[in-house]
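Visitor: This structure is in structure tokens; I'll ask about it shortly.
The values are calculated or read from the model by the stated rules, or taken from the named source; none is laboratory data. For clarity, every value in this text was computed on a predicted model and none was experimentally measured. Cβ coordinates were reconstructed from backbone atoms using ideal geometry, including for glycine residues, and neighbour counts include every protein chain displayed. These area figures cover heavy atoms from the full protein model, side chains too; ligands, DNA and RNA do not enter into them. Shrake-Rupley method; radii C 1.70, N 1.55, O 1.52, S 1.80 Å.
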Amino acid sequence: MRKTKRFFYPLVLIPLLLILTLLGWFFAIVFEGDRPVAALQPLPAFLSGDQPFVLEADDRKRGLRSIRVTVTQEGREVKVFEEQFPFQGFLNRQGKHDYKKEFKIDPSALNLAQGRVDLHIHVRDYSRRNGGDGNLNLIHHKMTVDTIPPSVSALSRMHNINRGGSGLVLYQTSSDTRISGVFVDDHFFPGSPAGKDPLKGYHVCYFALPHDSSSDPNVFLWAEDEAGNVTRTTFYYHIIPKRFRKDKMNITDGFLERVIPYFSFYSMESEKTLIEKYLKINNALRKENDRTLQELVKKTAAVQLWEGPFLRQQNAATMARFADHRQYYYKGEKVDEQTHLGVDLASLANSPVPASNNGRVLFAGRVGIYGSTVLLDHGQGVVTVYSHLSRIDVVVDQEVKKGDIIGLTGQTGLAGGDHLHFAVMVHGLFVNPVEWWDSHWIKDNVSIKLAQILD
């Protein structure tokens with residue numbers, strides 16, 4: 001009898017423990033407490049149009065029960081969409097466990113007013129927690145409905161623009177404007193705030209007409225607000241046609257033997273001939289250098305730093321003009337063609353180079369085909385370029401005054417002889433420097449216009 005009693009309790013406890021374990025496992029699954037995972041992209045601050053969203057949800061345990069998307073505004077709730085997912089299979093093994101949906105919210109379609117709106121996303125799973133309602137993941141995102149575009153209108157009246165030249169337009173924007181300026185075809189020229197009273201929304205914008213632009217370019221004012229609403233409007237302008245010269249350049253072996261060693265820093269196959277190396281420099285490296293300059297000039301000051309006509313180097317002969325179309329010949333055969341986007345000025349060797357106007361040194365160093373180069377920032381997108389220098393006498397961020405000596409002329413880079421390559425850029429586009437030397441052009445196209453908002 002004692003032996004029978006000894007084994008009775010373990011035989012009863014084993015099934016009981018097994019049952020309790022299964023019940024614990026079952027309740028742990030059925031009443032699990034992990035919320036569904038949910039993510040929404042993007043999360044815009046403003047709602048200005050038919051805004052697309054992507055919603056992703058996931059629940060690896062009990063599976064997704066429902067998703068509800070609503071917007072609320074001033075106590076009014078509007079349902080965007082709602083989905084219910086059926087319970088399928090043992091413990092919902094065949095139910096919905098992952099979900100992705102693209103949807104849009106259109107303020108007009110939902111009759112939303114201007115102002116704040118709240119986006120709510122409710123994601124529930126099939127857990128029996130919370131009275132059987134399941135675990136809830138709630139996404140709440142605040143936005144501002146703004147479907148009204150900013151206003152922009154021209155203040156200046158006359159805009160006579162030479163092909164390859166510069167222009168200035170004065171305009172006014174509404175206070176909600178984030179960025180504005182002028183488009184010339186696909187090229188954007190950003191404007192800068194101006195005037196004594198910033199609340200008036202006065203702006204100035206220097207823009208340019210490329211030397212190779214079409215006969216009828218699309219020129220217009222453009223503004224965008226924080227919500228992404230855009231306004232574009234035309235203004236009066238008159239394009240003055242201009243023809244540019246053609247120039248024939250003969251490349252000699254002596255020239256190649258002198259200039260090619262300067263470009264030892266540039267990767268070129270050693271087995272290539274001198275003329276092959278020259279053509280790579282004149283094409284591939286030229287494009288790289290122009291991109292470098294275009295990046296550098298994006299750092300211009302928001303205010304005007306210059307005053308009056310720009311200086312031209314004194315006692316220097318003009319050796320090449322802006323937009324000269326150069327055809328290169330080697331041993332009687334045409335091998336290349338490029339456009340010269342500056343003015344070449346030649347005087348005595350190693351002549352002093354003056355700053356053409358007040359400004360700040362934006363760059364001082366070597367730029368490939370341009371050799372030793374200085375960039376001066378004159379503010380609001382206007383930059384002057386001084387290239388082929390033999391010596392640089394300024395450093396980056398140094399302030400200079402009109403006439404200050406910034407270096408000496410030379411023949412660094414791809415120069416055929418000692419000279420100064422002088423260029424003007426307006427928001428990264430090369431323009432004709434001759435206009436900026438002309439006091440009458442400055443007065444008629446800049447000074448008179450600025451007086452409208454500065455007086």
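Visitor: Quick check on this structure: which one of 118, 58 is open to solvent by less than 40 Å² (accessible area, probe 1.4 Å) and of a type in the set (Asp, Glu)?
Guide: 118
Visitor: Also, quick follow-up: Of the numbered conditions (1) in contact with a Lys or Arg (Cβ under 8 Å, 6 or more places away or on another chain); (2) in contact (Cβ under 8 Å) with a residue 40 or more places away in the chain, residue 146 satisfies every one except a single condition; which is it?
Guide: (1)
Condition check ((1) in a strand (DSSP E or B); (2) at negative phi) across all residues:
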position: 61; (1), (2): no, yes
position: 79; (1), (2): yes, yes
position: 82; (1), (2): yes, yes
position: 100; (1), (2): yes, yes
position: 104; (1), (2): yes, yes
position: 134; (1), (2): no, no
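Visitor: Let me ask something else about it. Look at region 399-433 and say how many of its residues are part of a loop (DSSP other than H, G, I, E, B), without any contact (Cβ under 8 Å) to a residue 60 or more places away in the chain and under 30 Å from residue 182 (Cα atoms).
Guide: Residues meeting the conditions: 1.
Visitor: Considering each residue of region 336-364, count those that are under 25 Å from the mean Cα position of the chain (by Cα) and either among the acidic types (Asp, Glu) or not in a loop (DSSP other than H, G, I, E, B) (or both), and give that number. Talk me through it step by step, then tell me what you get.
Guide: Filtering region 336-364 for residues under 25 Å from the mean Cα position of the chain (by Cα) gives 341, 359-364.
When the remaining residues are screened for being either among the acidic types (Asp, Glu) or not in a loop (DSSP other than H, G, I, E, B) (or both), the result is 359-364.
Looking only at that region, the number is 6.
Visitor: Limited to region 8-44, what total is found for residues that are modelled with pLDDT under 80 and either open to solvent by less than 50 Å² (accessible area, probe 1.4 Å) or not small (Gly, Ala, Ser) (or both)?
Guide: Residues of region 8-44 modelled with pLDDT under 80: 8-31.
Filter once more, so that each one left must be either open to solvent by less than 50 Å² (accessible area, probe 1.4 Å) or not small (Gly, Ala, Ser) (or both): 8-27, 29-31.
The qualifying residues number 23.
Visitor: Restricting attention to region 136-169, report how many residues are part of a loop (DSSP other than H, G, I, E, B) and β-branched (Val, Ile, Thr).
Guide: 2
Visitor: From the residues in region 300-331 that are among the basic types (Lys, Arg) and part of a loop (DSSP other than H, G, I, E, B), which one is nearest to residue 382 (Cα to Cα)?
Guide: First, the residues of region 300-331 that are among the basic types (Lys, Arg): 312, 321, 326, 331.
Right, trim to part of a loop (DSSP other than H, G, I, E, B) and you get 312, 321, 331.
Details: 312: 16, 321: 19, 331: 41 Å.
In this case the residue turns out to be 312.
Visitor: Return the only residue of 286, 232 being basic (Lys, Arg), part of a strand (DSSP E or B) and in contact (Cβ under 8 Å) with a residue 40 or more places away in the chain.
Guide: 232
Visitor: I'm trying to understand the selection: among the residues of region 94-113, which are open to solvent by less than 90 Å² (accessible area, probe 1.4 Å) and closer than 22 Å to residue 78 by Cβ?
Guide: If the condition is that a residue be open to solvent by less than 90 Å² (accessible area, probe 1.4 Å) and closer than 22 Å to residue 78 by Cβ, then 99, 101, 103, 105, 106, 107, 109, 110, 112, 113 are the ones that fit.
Visitor: To continue, here is another question. Being part of a loop (DSSP other than H, G, I, E, B) and free of Cβ contacts under 8 Å to residues at least 24 places away in the same chain is the filter; apply it to region 235-259 and report the residue that is most open to solvent (accessible area, probe 1.4 Å).
Guide: Quick first cut of region 235-259, residues part of a loop (DSSP other than H, G, I, E, B) only: 235-237, 241-245, 252.
The next check asks that each one be free of Cβ contacts under 8 Å to residues at least 24 places away in the same chain; those that pass are 243, 252.
Working: 243: 225, 252: 74 Å².
Step by step, filter region 235-259, then rank; the result is 243.
Visitor: If I filter region 125-148 for residues that are of a type in the set (Phe, Trp, Tyr), surrounded by 15 or more Cβ atoms within 10 Å (Cβ to Cβ) and at pLDDT 95 or above, do I get at least one hit?
Guide: no
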